[in-house]
Amino acid sequence: MESLWEQTWEQPNFPAQDKNINTDILIIGGGMAGILCAYQLHCTGVPYVLAEAETICSGITKNTTAKITSQHGLIYNKLISRFGIERAKQYLAANEAALQKYWDLCQDIDCDFEEKAAYTYSLSDRREIEKELNALEKLSFPAEFVHKLPLPFPIVGAVRFPNQAQFHPLKFVSGIAKNLHIYEHTQVRELIGTTAVTNHGRIRAKKIIVTTHFPFLNKHGSYFLKLYQHRSYVKRRYISNIIFCSNAQKPFILLVFRAVLYYHSHQWLFFAQSNKTRHRHINPPAPSTITILTSFLSTILLKMTFPAVFLYFIVKSTFPSLLKFLSS
Ligand SMILES: Cc1cc2nc3c(=O)[nH]c(=O)nc-3n(C[C@H](O)[C@H](O)[C@H](O)COP(=O)(O)OP(=O)(O)OC[C@H]3O[C@@H](n4cnc5c(N)ncnc54)[C@H](O)[C@@H]3O)c2cc1C
C-alpha cells in the first residue's frame, strides 16, 4: 500500500554502485537520517557516499507522521525526575535547535512546510497535563494549558507547544538529495573493518555511519532476537482544522491527529496507537495472569536458548581435551 506521501511525490532516481569505491565516510541507509548526514557532509565538503539497499526513503521515512516538534508526548516531567533540570534543558534545546535547522532548510524547498502548534491532550487525567506544564515552566519554555481542542470528543486539558512545524517528508528529501552522492539498489551485506561488502563490490571508507534504522548485521548484541514487529493504524478524514495533537492517555490508547495538505486541501490524518503485530485490540483488556506468566517464560526461554546452545558447543568441543589434560 502506498503512503500518502508516496502518492504525492516525484521520486528521484540514483544509480547503483558500478565499481569499487574509496571514500572518507560511508553512510549506510538512505532514510531521513542518512540523507541528512549526507547533506551535512556535502555542505562541508567531506568526501562521502551513501549506499541505500533499495530506493531512498523506502524504509520508515515514507510512512512517518512528519511532525517536527520538541514535544514527544508528556516527556519533560519524566526527564526532570530522572535526569535533573540541566539534562532536560539540554534535551529541549537540542530539539529546538533541530526544529530551527529544519526551518532554515525548508525556506528554499517546496515541501509543504507549515508552522503549527503541537498539542498533547488527555481524556481524563488533568493532573498529568498540569505536571508537564510545571516541568516546562522550570525549563522556561512557553507552553500553555488548553481547555478545549477541535477534536470529535471532549478532553480534560492539553499542553500546547507554540511554533512547531510539519512538512511533506519526501518532498523535503527530494529537495536536499538532488546533488548528493547516493547509490540506490546497493545493499551492504558485510563489514570488514571499515570496508563494506555490497551486492555490487566494495566501498572502503575511513569512517562508517550506519543509519539503517534496524541493525543489519546479526553479529553484535543479538538484536535479531530482540526485534519484533509493530503496526500502526492510520485513517484519513476530511476536516478543515489544521493542528496536530497526541493523546497522553497511557498505556493503551494513543491517538495522534495531524492535518496534511493533500492535493491543496487540508485533511486530517488520524493515527491509532501502534501495537505489536498479533495484538489486535486498540484498547486491549488487562492481560490475565496466565498471559503474563507465558510471556515471562517465553522471554526467559528465548534469552536463555542462545547462550545455552553456545555453551553446549563450547563444552562439547573443549571437554575431551580437558579430560585428557586432567588425566595426564
Ligand atoms: C508511524 C510512525 C510515525 C512517525 N512519526 C514521526 C514524526 O512525526 N516525526 C519524527 O521526527 N519521527 C517520526 N517517526 C520516527 C521516524 O521513524 C524517523 O523520524 C525517520 O523517518 C527514520 O528515518 P531513518 O533514516 O532512521 O530510517 P528509515 O527511513 O527506515 O531508513 C533506513 C534505510 O536504510 C536502508 N537499509 C537498511 N539496511 C540496509 C543495508 N544493509 N544496506 C543499505 N541500506 C540499508 C533501508 O532500505 C531504508 O531506506 C515515526 C515513526 C513511525 C513508525
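FYI, it's all coordinate maths here, none of it is from the lab. Remember, it's a predicted structure, so these values are computed and weren't measured experimentally. A quick note on method: Cβ atoms are made from the backbone with ideal geometry, for glycine too, and the neighbour counts reach across all protein chains shown.
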Q.
Give me the one-decimal nm value for the distance between modelled label points at His181 and Thr195, 7 Å along each residue's Cα-to-Cβ direction.
A. 1.8 nm
Q. Of Cys57, Gln17, Thr44, which is farthest on the positive side of the dipole of the range 11-80, counting Cα position, with +1 on Lys and Arg Cβ, -1 on Asp and Glu Cβ, and the Cα centre as origin?
A. Cys57
Q. How high is the FRET efficiency from His72 to Glu6, r the C-beta distance, R0 22 Å, rounded to 0.05?
A. 0.30
Q: Show me 77-86, 48-57 ranked by packing, highest mean number of other Cβ atoms within 10 Å first.
A: 48-57, 77-86
Q: Pop a pseudo-label 7 angstrom from the Cα along the beta-carbon direction at both Gln40 and Thr55 and give the gap in nm to one decimal.
A: 2.8 nm
Q. Using r as the Cβ-Cβ distance of Lys226 and Thr64, and R0 as 25 Å, what FRET efficiency do you calculate, to the nearest 0.05?
A. 0.65
**Q.** Paramagnetic label zone (point 7 Å from Cα along Cα-to-C-beta, Glu86; backbone N under 18 Å) in the range 119-149
**A.** 138-140
Q.
Taking 35 Å as R0, compute the FRET efficiency from the Cβ-Cβ separation of Val309 and Lys138 and round it to 0.05.
A. 0.10
Q) If the cut-off is a Cα-Cα distance under 14 Å, which aspartates and glutamates reach Lys219, setting aside same-chain residues fewer than 8 apart in sequence? A) Glu190
**Q.** Full-extension gain in nm, Ala16 to His147, via 0.36 nm per residue minus C-alpha separation
**A.** 41.8 nm
